[in-house]
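In what follows, a single structure is set out as structure tokens and then discussed.
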Amino acid sequence: MVHNSDFTIMLTVLPFLKHRYLMFHFAVITYSSFIVFTGWESQNKYKIVNTMGQLVYFATEDSDLCTRQCCGNLRGFNMPVIDTVGQEVMLFERPFSCTSAGCYCCYSCLQEMKIYAPRGQLIGSVHEHFDFCTPTYSVFDAMEQEVFKITGDTCAIACCGNDVNFMVLSSATGETVGRIQKQWTGMVREVFTDADNFSVTFPMDLDVKMKGVLLGALFLIDFVHFERPNPFC
């Protein structure tokens, strides 16, 4: 019997994340993006499936039209995560943060994502670190204790049939414990759309809250490194 009320809430709102044998691997597919064909940045929409290919969640960016067109990949947004029966199980919150030349090294200008489950209850956050070539992030729990570091391939770019890897390292031991991967989807799709395929892997016995936070890290990485930038921000 689980006596911790917060953990009970997490098992209730994230039912698929509690099944360890299913959740070693998530695949995330961006299925809505029309910027290259129309010149118009649309809301990003995602399908999230488990290791067995079963659809478990939908996620849709909630942002206004002006922000999407003017701020490109730096835009702030909320992103509710909905299960297959229409219940909101998580909320990702990304504030706008300008990283134009000259202020990128300032902490307040670096990118972050906050993860709530349920809405209003913070379970963790993801924060970018400044680095000229190697993408680097810290993953924190609800008590602001660093749990993981994430380091990406140098100058993370998907090209020529190559996947891009972001390794998840334990802050306590430095050991690799998981991976976020941007998967190559073919020349036409990579060049003419923003639609992408991602996967995230993590230890099967990882706390359910931190599984949700790593999923949030995946979405932040997508926007920072693989969404087309806009010169106005």
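The values are calculated or read from the model by the stated rules, or taken from the named source; none is laboratory data. Quick caveat: nothing in here was measured; it's all calculated off a predicted structure. Quick reminder, even Gly has a Cβ in these numbers, built from the backbone with ideal geometry, and neighbours come from all protein chains shown. Surface accessibility is based on the protein's heavy atoms, side chains included, excluding ligands, DNA and RNA. Shrake-Rupley method; radii C 1.70, N 1.55, O 1.52, S 1.80 Å.
In table form, for the structure just shown:
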{"read-out": "Which of 96, 202 is most accessible, then next, and so on - probe 1.4 Å", "value": "96, 202"}
{"read-out": "Probe 1.4 Å, all protein chains present, accessible-area order of 93, 175, 227, largest first", "value": "175, 93, 227"}
{"read-out": "Solvent-accessible surface (1.4 angstrom probe) belonging to residue 171, in square angstrom, nearest 10", "value": "40"}
{"read-out": "Largest to smallest accessible area among 116, 57 [probe 1.4 Å]", "value": "116, 57"}
{"read-out": "Net charge contributed by nearby residues that have their C-beta within less than 15 Å of residue 151 (K/R +1, D/E -1)", "value": "-2"}
